[in-house]
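This report refers to the structure that appears directly beneath it.
The values are calculated or read from the model by the stated rules, or taken from the named source; none is laboratory data. On a predicted model such as this, the values are computed, not experimentally measured, just so you know. Methodologically, a virtual Cβ is constructed for each residue, glycine included, from the backbone with ideal geometry; neighbour enumeration extends over all protein chains shown. Accessible surface is based on the protein model in full, side chains and every heavy atom, while ligands, DNA and RNA are left aside. Shrake-Rupley method; radii C 1.70, N 1.55, O 1.52, S 1.80 Å.
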Amino acid sequence: MRPIAQAGLEDGYLSATHITWDDTETGRGPTGTAIRTGQPVVARHISAEQSFELWRKAAMQRHYASSVALPLKRDNRVFGALNVYAGEPDAFGDEEVRLLTELADDLAYGITVLRGHVEREQAEERLVESERKYRELVEHACSIILRWTRDGKITFLNEFGQKFFGYSYEEIIGRHVVGTIVPIKDNTGQDLGLLMDRILADPKAFERNVNENMRRSGERVLIAWTNKIVQDDQGNIVEVLSIGMDITELKRAQDELKERNEELRAINRIVSAVTGFLDLKAVLDQVLNEALALVGLEGGTVCLVAPDEVLELAASRAISKATNQDLATSNVRVGDCLCGECARTLKPLILRNREEVLAYATLESTRGDLINFHAAYPLVTANRCVGVLCLFTRTEIKPSEHRLNLLETVTGQLALAIENSQLYEASHRHAVELEQIVAERTGELAQAKERAEAADHIKSAFLANMSHELRTPLNSIIGFTGIILQGLAGPLNSEQSKQLEMVRSSSRHLLALINDVLDISKIEAGQLEVAMERFDLGASINKVLGLVTPLAEKKGLALRAQIAPGLDEAVGDQRRVEQILLNLLNNAIKFTDSGEVALKTELVFDFKSPEGMAGQTAVRLCVSDTGIGIKSDDLTTLFQPFRQIESGLSRNYEGTGLGLAICRRLADLMGGDISAESTWTKGSTFSFTFPLQGSSKS
């Protein structure tokens, strides 16, 4: 408690005492007890009162002999106390206490009234200040605040709105919204006067709306409005409070972003068509359709360049009969007319009007076709033109430079798809021919077997060399995609980042496939050697676990590891050991939808290698899962290259069928072994065992 007022001989008594009103030693005096109980408390003899023990000395020094404490309360709530001290003992009898109680009640009433006046004045001051701040907020808000009557007359427009529309307060007040800040009709022809009527007729439906507005200069802007109807006591509409925000630039940016996204989706469809089919005609038909949709033109062709430099029609849309006849009868060669000129120069040929088309058109079928715009793109790979993509229109439509440039970016992939398809067809023909040769020479089985093995060795060596050639551009694609995603070439929006992430993910997936082909080819060609070096096996295991942990967490799988003590050092090929363990863990996670994947390591003290060497100390890495399992019939072909489990798995899970075959070959090279145990629908366990101190075979 703190003293508020005093009279008489006080002499510092109140400041020297410490009084509370809780039920403690300092709160059990007369004052604290009166406040706590709400009843008067009399100390008749201060010198003898036990409750006055803490304050007796100070009171008697000032010749206080007795006292009374009276609670100050209002509406049964105590908010203070009145203390009266006397120099005579037993100075406060019943009558004195009654009179002082009345005095305390009057004093409490007066304090309450005074407090009410003060609080009312403070509330009025706060209201005035609040109104001032509200007006400042409305006037200087970065939004348009408008009030208008049900007949469309403007009654208020804040300062921001005045500057935005270009009117002063005096110029705008009292004028109709239509014809000033709302045009009579928007750019689509909609009657905005009728829109105002609809807002008043159905306020709920137009609490939020976006419509075209107009500045004093005549500039059209797009504003998002929030409307609130103000009604009188009878429920009639008195006025409308509208708060608006200029979204012109936002809408323009959204439209541009939508257009960019549509372009990217079109490019993605083209890329998907290029990479998704081996049937060349299906690829070219799909690409031509998507290309025409991207640039908004009506017709086009894809021509392939034959070895004799004749342009062969491979796909077409909306071409004339005469042009189709010329292309079908091999009348068009490299250098002839529009497409032929593009194939000759190996550069895009963009002709933007009828005059430019006629300047390059050398065939009568083209000159008479009334083409007003023509774009031709050479399909080039390794500085060799394999075809030409031509797009045209007979209308006045002209595609944007941006979309034409965008289309040019995919011509390289289309050229590669054509070349790959041609190689595939050639390879297929070669395979058929080879089968015929084998069938004709059934009597020479031994010699044919030797030739087949030699051809397989050459194939593996060729694939190994070619895989190196393929990895170089793929690494460049992955690297430059990463640079763009980091924003080093400029900011990206979310859709662009998403598309580039797809490019990088697909490139990494393709690189992994190439690496698998490279490994199996090197192994089959006898070019792969495993190292014999000391390495920290425990660190390698933890490294691989760290790589696969995010994959398990993404699928909600538990990943457990039980590492045997003493696995500090091993002798062998560290990278190949990590490769095998990573493949086994990745497979376990891939084929497990719920449950867990577990890794257990143990020492084997009498390991017998596949070559028959016994008594070696080895380490066994067991990877178990609760996945789909493997049928017993499929276990026999599990480790064969290019073999994948049937029963629909090839339709649901990615892979080339090389991973386990490579693991088996690598384990064999390291003097080790891989085995598999599985129960269909229950899960699988793969065990990789290899000598702890290396193998003589290594």
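By the rule of a C-alpha distance below 23 Å, with chain neighbours fewer than 8 residues away ignored, the lysines paired with K608 are K600, K697.
Other residues within the sphere of radius under 14 Å centred on the Cβ of R150, judged by their own Cβ, net out at -1 (K and R +1, D and E -1). The residue among V287, G87, G8 whose Cα reaches farthest toward the positive pole of the charge dipole of the chain, with charges on the beta-carbon of Lys, Arg, Asp and Glu, is V287.
Using the Cβ of F535 as centre and a radius below 12 Å, the other residues enclosed give a net charge of -2, where K and R count +1 and D and E count -1.
Working from Cα pairs under 8 Å separated by at least six residues, relative contact order for the range 296-371 is 23 percent.
Averaged over its residues, the chain has an accessible area of 56 Å² per residue, based on protein heavy atoms and a 1.4 Å probe.
For the chain, carbon and sulfur atoms together expose 53% of the accessible surface, with a 1.4 angstrom probe and every protein chain in place. Under the rule a/c < 1.5 gives rounded, and otherwise a/b versus b/c splits prolate from oblate, where does the chain land using the Cα gyration tensor? Because a/c hits 1.5 or more and a/b fails to exceed b/c, the chain counts as oblate. Under the simplified labelling scheme, the K57-L485 pair shows an inter-label distance of 8.1 nm, with each label point 7 Å from Cα along Cα→Cβ. For the range 1-127, the equivalent ellipsoid derived from the Cα gyration tensor has semi-axes of 28, 16, 14 Å, listed largest first. Work out the charge dipole of the chain with +1 on the Cβ of Lys and Arg and -1 on the Cβ of Asp and Glu about the Cα centre, then indicate which of T362, V544, T226 is farthest towards its positive end. Going by the charge dipole, the pick is T362. Within the shell of other residues whose beta carbon sits under 13 angstrom from the beta carbon of S330, the net charge comes to -4, with Lys and Arg scored +1 and Asp and Glu -1. Have a look at the DSSP beta bridges in the chain and tell me what percent are antiparallel, nearest 5. Roughly 95 percent of the beta bridges in the chain run antiparallel, per DSSP. Ranked from largest, the principal axis spans of the Cα set of the range 578-640 equal 40, 25, 19 Å.
Please label the shape of the range 564-610 as rounded, prolate or oblate, based on the square roots a ≥ b ≥ c of the eigenvalues of the alpha-carbon gyration tensor (a/c under 1.5 means rounded; beyond that, a/b larger than b/c means prolate, else oblate). It is prolate, given that a/c is not under 1.5 and a/b is the larger ratio. The alpha-carbon of K449 sits under 17 angstrom from the alpha-carbons of these lysines, leaving out residues fewer than 8 places away in its chain: K459. Split the chain at each of the chymotrypsin sites (Phe, Trp or Tyr not before Pro) in a DSSP loop with at most 14 other beta carbon atoms within 10 Å, and the longest piece is 1-641. Considering helices alone, the calculated mean residue ellipticity of the chain at 222 nm is -15000 deg cm²/dmol, with DSSP H runs of length four and up weighted by -39500 (n - 2.57) and normalised per residue. Since only A48, I243, Q574 are under comparison, the one whose Cα sits farthest along the positive direction of the charge dipole of the chain, derived from C-beta charges on Lys, Arg, Asp and Glu, is Q574. Structure note, pairs K398/K498; K543/K631; K163/K185; K163/K258; K258/K321: Cα-Cα distances above 26 angstrom occur for K398/K498; K543/K631; K163/K258; K258/K321.
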